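Throughout, read-outs are computed from the coordinates displayed, never taken from laboratory work. The model shown is predicted, which means the values in this text are computed figures rather than measured ones. Heads up, the Cβs are rebuilt from the backbone with ideal geometry, glycines too, and the neighbour counts pull from every protein chain shown.
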Amino acid sequence: MSGPDPAIAAVRTAVRDFLAPSVVADEICVAVSGGADSLALAEAAAFAGSRAGLKVRALVVDHGLQEGSAETAARAANTARELGADTAEVLKVRVEGAGGPEAAARRARYGALRSALPDGRGVVLLGHTLDDQAETVLLGLGRGSGPRSLAGMRPHDPPWGRPLLGVTRATTRQACRALGVDPWQDPHNEDPRFTRVRLRTEVLPLLEDVLSGGVAASLARTAAQLREDTEALDTLADEVHLRAFTGEGLDVAVLATEPPALRRRVLRRWLLDSGVRELTDAHLRSVDALVGNWRGQGGVWLPGDLVAARAHGRLSLEAPQSTT
């Protein structure tokens, strides 16, 4: 007897391999948009989950941004049930706030998915593919975001799970065809106003043509390699942080002996843990200069109305003194 279509088998294998070491709960959630990636993921999760004794719960977010969004969300939930999900529910959100509609929708979506987890714990599977990873790396490269951004999306970044980062978008579409499923086509995915759409439809095809193919896979491999390097450096930076942190700041003498790459990782963790938000590379390098290029300069103003300053061999964060 012949087995499933190779595309279905590829998606199922990716999900099974992800679930084996990653899931310790008795339930997994799957974010379902109704597109090919998420529907192929939902079917594979139901297939693998049933064999592992896991309940599969499909979560469909209705952003309310398009006419008929409620009907689209209900149809996605119904399709997820037909593909084997034990339950499927629609989470309606309000998209608002700074950063433009794309960023606001992302915040609302991830907030709703996280809130749907029991006690905030568990895993939500997301349908990001190898192609999405390649686009993420290109975006980071174009914006000069550094190795942390070029490392792309992590396969497991609790509570998020991304089993399909090694599976192409073409594979998920073929899996849906083989399953007899007609995925929803999000019109936003064809709108050239969005940077990621132009990367997908213009930049990556051109690179594939100029470099004779394999670009998306190469970018995904680059992300995996950089992620390994970044995680190794982060581990070393954690050890330095333990030695440098005094409870009230960081010991400059400890930091000064470390390479800049490690030092800036320690500073980044310290600043984020201390409540500094919207931290840029320029901020980080200015604070690092208090250690690596010390000339008696003044403090560094940071987001959140905080100042990083050096005094008596220690870096500290403080609110600026009032001049009135």
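Please get the size of the charge dipole for region 178-324, origin at its Cα centre, with Cβ charges of +1 on Lys and Arg and -1 on Asp and Glu, quoted in debye to the nearest 20.
580
Roughly how many nanometres apart are two label points built 7 Å out from the Cα toward the Cβ at Asp86 and Glu190?
3.8
Ranked from highest to lowest mean number of other Cβ atoms within 10 Å per residue, what is the order of the peptides 211-218, 196-203, 159-166?
Going by the mean number of other Cβ atoms within 10 Å, highest first, we get 159-166, 196-203, 211-218.
For the chain, what is the calculated [θ] at 222 nm in deg cm²/dmol (nearest 500), taking -39500 (n - 2.57) for each run of four or more DSSP H residues and dividing by its residue count?
-16000 deg cm²/dmol
How far, in nm, would the chain grow between Glu102 and Ser115 when pulled straight, counting 0.36 nm per residue and subtracting the alpha carbon separation?
Extra length from Glu102 to Ser115 when fully extended: 2.7 nm.
With contacts defined as alpha carbon pairs under 8 Å and 6 or more residues apart, what's the relative contact order of the chain in percent?
15 percent.
So, in nm, how far is label Arg295 from label Arg243 when the simple model puts each one 7 Å beyond its Cα toward the Cβ?
2.9
Quick one: Karplus J couplings for region 160-173, per residue in order, coefficients 6.51, -1.76, 1.60, θ = phi - 60°, nearest Hz, x for Gly and Pro?
Coupling constants for region 160-173: 8, x, 10, x, 9, 5, x, 10, 7, 5, 4, 5, 5, 5 Hz.
How many angstrom lie between the C-alpha centres of region 168-225 and region 258-276?
Cα centroid of region 168-225 versus Cα centroid of region 258-276: 35 Å apart.
Suppose every K and R has +1 on its Cβ and every D and E has -1 on its Cβ; what is the size of the dipole of region 1-152 about the Cα centre, in Debye to the nearest 20?
Approximately 420 debye in magnitude.
Along the positive direction of the dipole of region 212-294 (beta-carbon charges: Lys, Arg +1; Asp, Glu -1; about the Cα centre), which of Val266, Ala256, Gly214 reaches farthest?
Value: Gly214.
Take peptides 309-319, 112-122 and line them up by average Cβ neighbours within 10 Å, highest first, as a rough protection proxy.
309-319, 112-122
³J(HN,Hα) across region 307-314 via Karplus (A = 6.51, B = -1.76, C = 1.60, θ = phi - 60°), whole Hz, x for Gly/Pro?
3J(HN,Hα) across region 307-314, in whole Hz: 10, 8, 9, 10, 7, 6, x, 9.
Once phi is turned into ³J(HN,Hα) by the Karplus curve 6.51 cos²θ - 1.76 cosθ + 1.60 with θ = phi - 60°, what whole-Hz value does each residue of region 270-276 show in order, with x for glycine and proline?
4, 5, 5, 5, 8, x, 6
Extending each Cα 7 Å along its Cβ direction at Ala232 and Arg75, get the distance between those two points in nm, one decimal.
About 4.9 nm separates the two model spin labels.
On a 0 to 90° scale, report how tilted helix 281-292 is relative to the longest principal axis of the chain, with both axes built from alpha carbons and the result rounded to the nearest 10.
Its long axis makes an angle of about 40 degrees.
Which residues' amide hydrogens lie under 5 Å from the amide hydrogen of Val61, considering only partners 5 or more residues apart or on another chain, with H built in the peptide plane?
Those lying under 5 Å, H to H, from Val61 are Val32, Leu91.
Please report, in debye to the nearest 20, how large the charge dipole of the chain is about its Cα centre when each Lys and Arg carries +1 at its beta carbon and each Asp and Glu carries -1 there.
With Lys and Arg at +1 and Asp and Glu at -1, about 400 debye.
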